[in-house]
Amino acid sequence: MRKEENIENIEKEDLCSKLQVHFIENTEAEKSVEDTASTDQISTDSSVKPEECSKRMNKNNSENDAQEAANESKRKHRHENITSQNAEAVEETFYKVTGEAEPERKSHPIRNVILGLLVLILVAGAAISYPIGKEYFQEKSVAGKDIEVTIKKGSTSKDVGAILKKKGVVRYKTAFLLKLYFSDYKGKLRYGTFDLNDGMSLSKVIKELATQNGQKENKFTIPEGYTIEMTADKLEKEGIMTAQEFLTAVTKAADTSRYKNILPDKTKVFYQLQGYIYPDTYYLSKNITGDQLVAKILEEFDKKFDTTRQQKAAQLGMSVEEVLIRASLLQKETELPEEYPIIAGVIQNRLDKKMKLQFDSTAVYAITKGQYGIARVMYKDLEVDSPYNTYKYKGLPVGPICSPSLEAIDGVLNPQKNDYLYFQMNTVKNDGSNIFTKTYEEHKAASATTEQ
């Protein structure tokens, strides 16, 4: 294709030169004729008398005017007498030089596309700022900070560019997309988790995303209702990191969390970020650290507890922390998501009446220090002196007692308005559902029924 374009350019230059020669030859020929005629007209005899000379000069001026008109007529006649063959040759030459209207030549779609893109790039290049161009042409990588980037399956090039910019790997998405388009890796980017660096050149970043194995990550799932303590043990059991590394990272992350101003007093809770360790499936690089994992989980939490949910919480007069406390209670008190809004209504009703919540789950969390696993709750367990124990203290527990699901969070944000004050597990159905009642008498009657 490049050879064809070079031949075309040489052809254009040659034809242009021929046109110039044609124009110069015609112009010089006309000038020669005019000069000869003029010389013939103004030759004089030195012996002529002044009076006659004056007459001759006047006569010559008239004749010169006539000759000028005659020459102009000849020039016009000469151009008018160009043969049709010459006219076609001139027209064909003009079209070839200017690149216009060549009906006999077939269009080259690929060439047209490339030329169009080049024009577009030139126009865009005049418009984009210097920093974008600087990043685009920077080919040397420099020292920088390591950054883990996860590309989900099905992501487009624009999606990848946006992720890289958000992570700080690239500064300008436009520069990345242009670099990718003109690279050998267009359409070859892989999905998965990659270890990149914010000092990498665009070429290096693209090569890493297109050639490295992004499927080297460990798949790790935090189940809904898990606690920080349970998550730490699961990480160690699966060989990802030690439980202590994760617990240390969680404790440290609380000091820099965006929610640090609403977190509970660290001296009163097991972990300040309990409830913020969002339950989901994560893809982790083999050498991921505790700090990186906690940052990844908190980032996912921020995505889920988005602006809409934050605004909804504010309308209800709740902080993010309070929403998580209530949602963690819903998570532990029922196995059925459809009951979340109902129990959210019960919680509000009991709080409005200054009643103790008396939820078994809060006492169990305190007794087991977040491990749960008690098959049967004894009456003595309900007497544990802990700010988590809602049998002991009025109001909500001091902090969340697990990592609630998004459905539990939405249950808190959309509570059902009801008159229920009591509920208990329906052991007759034994399907995880509860029986809801409005009075203590109804509650006792329901208890008698389920115990039979």
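Just one of the listed residues (Q292, Q315) is over 21 Å from L406 (Cα atoms), among the polar types (S, T, N, Q) and either free of Cβ contacts under 8 Å to residues at least 60 places away in the same chain or surrounded by fewer than 19 Cβ atoms within 10 Å (Cβ to Cβ) (or both), and it is Q292. Could you check segment 353-387 and list, in sequence order, the residues that are in a loop (DSSP other than H, G, I, E, B), closer than 23 Å to L421 by Cα and out of contact with any Lys or Arg (no Cβ under 9 Å at 6 or more places or on another chain)? Passing the criteria: K353, V377, M378. Take the residues of segment 130-162 that are surrounded by fewer than 12 Cβ atoms within 10 Å (Cβ to Cβ) and aliphatic (A, V, I, L, M): which is nearest to K286 (Cα to Cα)? Checking each candidate, the answer is A143.
The condition of being in contact with a Leu (Cβ under 8 Å, 6 or more places away or on another chain), closer than 19 Å to K304 by Cα and not small (G, A, S) holds for Y282. Residues that are farther than 14 Å from N414 by Cα and either free of Cβ contacts under 8 Å to residues at least 60 places away in the same chain or of a type in the set (S, T, N, Q) (or both) within segment 334-349 comprise T334, N349, listed in sequence order. Where helices (runs of 4 or more DSSP H) fall wholly inside segment 122-189, the ranges with 3 or more residues that are modelled with pLDDT of 90 or more and touching a strand residue (DSSP E or B) at 6+ places or on another chain (Cβ under 7 Å) are 157-167. Tell me, which residue of segment 367-396 that is surrounded by fewer than 18 Cβ atoms within 10 Å (Cβ to Cβ) and of a type in the set (G, A, S) is modelled with the lowest pLDDT? Taking the candidates together, the pick is A375. Restricting the search to helices (runs of 4 or more DSSP H) fully inside segment 240-344 and requiring at least 3 residues that are farther than 24 Å from A363 by Cβ and of a type outside the set (D, E) gives 243-256, 290-304, 307-315. Of all residues in segment 190-219, which are assigned to a loop (DSSP other than H, G, I, E, B), touching a residue at least 40 places away in the same chain (Cβ under 8 Å) and basic (K, R)? Scanning segment 190-219 gives a single hit, K216.
When both residues are 6+ apart or on different chains and their Cβ atoms are under 8 Å apart, which pairs have a first residue that lies in segment 365-376 and is closer than 19 Å to I325 by Cβ, and a second that is at pLDDT below 95 and outside any loop (DSSP other than H, G, I, E, B)? Sorted first by the residue in segment 365-376, then by its partner, the pairs are I367/D381. For segment 319-366, the set of residues classified as among the β-branched types (V, I, T) and surrounded by fewer than 17 Cβ atoms within 10 Å (Cβ to Cβ) is empty.
The values are calculated or read from the model by the stated rules, or taken from the named source; none is laboratory data. It should be emphasised that the depicted structure is a prediction, and the values quoted were computed from it without experimental measurement. Because the Cβ atoms are built from the backbone with ideal geometry, glycine has one as well, and the counts that use them run over all protein chains shown.
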